[in-house]
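Here is the structure we will look at.
The values are calculated or read from the model by the stated rules, or taken from the named source; none is laboratory data. Being a predicted model, the structure only gives us computed values, none of them experimental. Positions of Cβ are backbone-derived with ideal geometry, glycine not excepted, and every protein chain shown enters the neighbour counts. Side chains are part of the model used for accessible areas, which takes the heavy atoms of the whole protein and leaves out ligands, DNA and RNA. Shrake-Rupley method; radii C 1.70, N 1.55, O 1.52, S 1.80 Å.
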Amino acid sequence: MDAAVDASTSQFELNEEQRAIQEMAQAFAADRVAPNALEWDRAKHFPADVIRETGPLGLGGIYVKDDVGGSALGRLDAVLIFEALAHADPAFSSFISIHNMAASMIDRFGNDEQRQRLLPKLTSMEWLASYCLTEPGSGSDAAALKTRAVKSGDDYVLNGAKQFISGAGDSDLYVVMARTGADGPKGISTFVVPKDAPGLSFGANEHKMGWHMQSTRQVIFEDCKVPAANLLSGEGAGFGIAMAGLDGGRLNIAACSLGGAQSALDKALAYTAERKAFGSKINQFQALQFRLADMETELQAARIFLYAAASKLDRKAPDAGKWSAMAKRFVTDIGFNVANEALQLHGGYGYLHDYGIEKLVRDLRVHQILEGTNEIMRVIIARALIGR
Ligand SMILES: Cc1cc2nc3c(=O)[nH]c(=O)nc-3n(C[C@H](O)[C@H](O)[C@H](O)COP(=O)(O)OP(=O)(O)OC[C@H]3O[C@@H](n4cnc5c(N)ncnc54)[C@H](O)[C@@H]3O)c2cc1C
């Protein structure tokens with residue numbers, strides 16, 4: 001376990017069980033993820049086998065109830081897990097986070113038959129899941145989505161396309177928001193679509209800046225038949241289900257930034273203690289010491305804020321949604337800045353793949369964009385403040 005990560009959590013009171021959860025995730029990340037992360041990134045390799053190894057550890061349904069194999073843990077526990085996994089690889093951690101978001105939506109909003117049929121295979125990680133909200137014409141304005149689902153006998157027939165779907169083509173189940181009614185949020189429903197559904201196909205893997213170990217593709221529905229038994233909750237409930245998933249998902253993505261940025265700071269501390277210039281180690285220059293001091297201060301502030309937001313969600317505090325948005329905005333901005341500063345402290349070597357810093361910068365950049373851009377987080381926060 002990394003000493004810097006251990007020390008970093010000491011200001012927030014974690015109980016014994018939370019410490020054990022954190023240590024389990026840190027040990028798995030150090031053993032199975034960290035040694036491979038750079039190669040997965042370089043080769044754009046999706047490590048389905050290592051992802052599936054997290055199932056028996058209880059990471060396939062972290063906050064899913066235990067009657068279907070979930071771990072029934074809280075949101076702060078989940079944040080500790082994603083932070084630990086992201087210290088080894090933010091892209092790996094983010095994929096596990098999206099799978100958990102999809103599984104928890106089925107757990108919370110599925111009926112008993114759906115939960116028993118779908119969740120044991122998701123919590124064990126035999127099946128992997130993706131979350132499908134964004135479309136080519138609607139991202140931030142998600143309620144404007146156009147994918148349509150029309151009831152036909154015992155099925156719904158879906159037509160449309162989803163854009164930027166993480167894990168598309170690799171996942172076994174797709175939690176899809178589609179329109180069954182009128183324009184606006186009340187006309188949206190949520191369906192669970194299996195990979196082999198007739199009429200379902202996937203676009204090419206996007207060439208992107210980071211998150212190379214997981215695919216990002218379009219998910220395309222052409223008269224795609226989905227059994228009506230796969231509709232979650234009733235018609236019209238879909239937008240609320242999608243937003244409920246994102247509330248917790250945003251904390252997880254923030255945790256992925258935090259873990260990645262802590263890794264960047266740890267690397268910068270080690271590098272500046274070795275590298276020499278002008279006859280001394282570069283960590284003896286006060287200008288660089290002040291930068292390290294600021295990085296540490298900002299990361300600790302981000303960590304405490306994130307843990308506090310996760311505790312709010314665990315306690316079902318009425319302002320938990322605002323806190324999730326604030327944490328996502330604050331922690332992902334700080335995380336990216338810290339990683340970018342760490343790259344600068346490595347000089348030219350920071351720009352080389354082998355040092356692992358440029359990957360962290362690339363991976364953390366997208367956290368400011370997805371699961372609601374940081375501008376949209378400000379919209380949510382401002383609405384809560386102003387009372388609209
Ligand atoms: C690598 C990657 C993986 C992703 N994975 C998934 C996934 O698995 N599932 C999924 O459903 N989606 C996924 N997304 C999509 C992601 O959630 C969207 O890209 C994001 O929500 C932004 O939508 P957009 O790209 O359409 O941008 P737009 O909504 O077009 O926004 C463009 C710009 O306008 C700003 N803007 C928009 N509206 C406002 C406003 N009201 N006030 C101020 N500024 C505003 C935005 O902040 C942004 O800066 C992924 C994206 C990427 C890049």
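Carbon and sulfur atoms: what percent of the 1.4 Å accessible area of segment 146-230 do they account for?
53 percent
Spin-label point model (7 Å from Cα, Cβ direction): what's the Val379 to Ala228 distance in nm?
Inter-label distance under the simple model: 3.4 nm.
From the cross-link list Lys65/Lys316; Lys186/Lys328; Lys208/Lys322; Lys121/Lys312; Lys162/Lys195; Lys146/Lys186, which pairs have alpha carbons spaced over 22 Å apart?
Lys186/Lys328; Lys208/Lys322; Lys121/Lys312
With the crude spin-label approximation of a point 7 Å out along Cα→Cβ, what separation in nm comes out for Asp183 versus His353?
For the pair Asp183/His353, the computed spacing is 4.7 nm.
As I understand it, the dipole of segment 56-110 uses +1 on the Cβ of Lys and Arg and -1 on the Cβ of Asp and Glu, about the Cα centre. Which of Phe82, Met101, Pro56 lies farthest toward its positive end?
Result: Met101.
Given 25 °C and 0.890 mPa s, compute D for the chain with the Stokes-Einstein relation, Rh being the Kirkwood radius over Cα pairs; round to the nearest whole µm²/s.
116 µm²/s
Would you work out the charge dipole size for segment 139-279 about its Cα centre, treating the Cβ of every Lys and Arg as +1 and the Cβ of every Asp and Glu as -1, and quote it to the nearest 20 debye?
420 debye
Per the helix-only calculation at 222 nm, which mean residue ellipticity applies to the chain, given -39500 (n - 2.57) for every DSSP H run of n ≥ 4 and division by its residues, nearest 500 deg cm²/dmol?
Dividing the helical sum by the residues of the chain leaves -16500 deg cm²/dmol.
Taking a probe of 1.4 Å, how large is the accessible area per residue of the chain, in Å²?
Per-residue value: 41 Å².
How many nm separate the modelled label positions at Asp66 and Arg315, each set 7 Å beyond the Cα in the direction of the Cβ?
2.5 nm
For the chain, what's the relative contact order in percent, using C-alpha pairs closer than 8 Å and at least 6 residues apart?
Once divided by the residue count of the chain, the mean separation gives 17 percent.
Can you tell me the dipole magnitude for segment 265-388 around its Cα centre, using point charges on the Cβ only (Lys, Arg +1; Asp, Glu -1), in Debye to the nearest 20?
400 debye
Taking a label point 7 Å from the Cα of Glu39 along the Cα→Cβ vector, which residues of segment 107-139 have an amide N closer than 11 Å to it?
Within reach of a label on Glu39, which here means backbone N under 11 Å from a point 7 Å along Cα→Cβ, segment 107-139 contributes nothing.
Within the set of other residues whose C-beta is less than 11 Å from the C-beta of Arg291, count the net charge using Lys and Arg as +1 and Asp and Glu as -1.
Around Arg291, the charge tally is -4.
About the Cα centre of the chain, how large is the charge dipole given +1 on each Lys and Arg Cβ and -1 on each Asp and Glu Cβ? Please answer in debye to the nearest 20.
1000 debye
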